[in-house]
1. Out of all the residues in region 15-32, is one or more touching a residue at least 40 places away in the same chain (Cβ under 8 Å), open to solvent by less than 60 Å² (accessible area, probe 1.4 Å) and in contact with a strand residue (DSSP E or B) (Cβ under 7 Å, 6 or more places away or on another chain)?
2. State the number of residues belonging to region 45-56 that are modelled with pLDDT of 95 or more and surrounded by 13 or more Cβ atoms within 10 Å (Cβ to Cβ).
Amino acid sequence: HYSDRHNDGVEEYIFVVKGKLDVTLNNRTITLKEQQAIRFEANIPHAYINLYDEICCVYNTIFYKE
């Protein structure tokens, strides 16, 4: 999933329940493994990519300030 930037103040929280997930933030890729999480300000381009042979299950929470 590729996403353009969100409005300023929007935060995203990603928690990997199963598998591995590559998260790209402003052209920097971070690999999250099971039971790992990341929080970032979503006013940058970002992507979630599963390049692995196993299923990946994640929780993705988007927090919008008023």
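The values are calculated or read from the model by the stated rules, or taken from the named source; none is laboratory data. If you're wondering where the values come from, they're calculated on a predicted model, not measured in any experiment. Ideal geometry is used to build each Cβ from the backbone, glycine not excepted, and the neighbour counts take in all protein chains shown. Calculation scope for accessible area: heavy atoms of the full protein, side chains included, ligands and nucleic acids excluded. Shrake-Rupley method; radii C 1.70, N 1.55, O 1.52, S 1.80 Å.
1. yes
2. Going through region 45-56 one residue at a time, the tally reaches 6.
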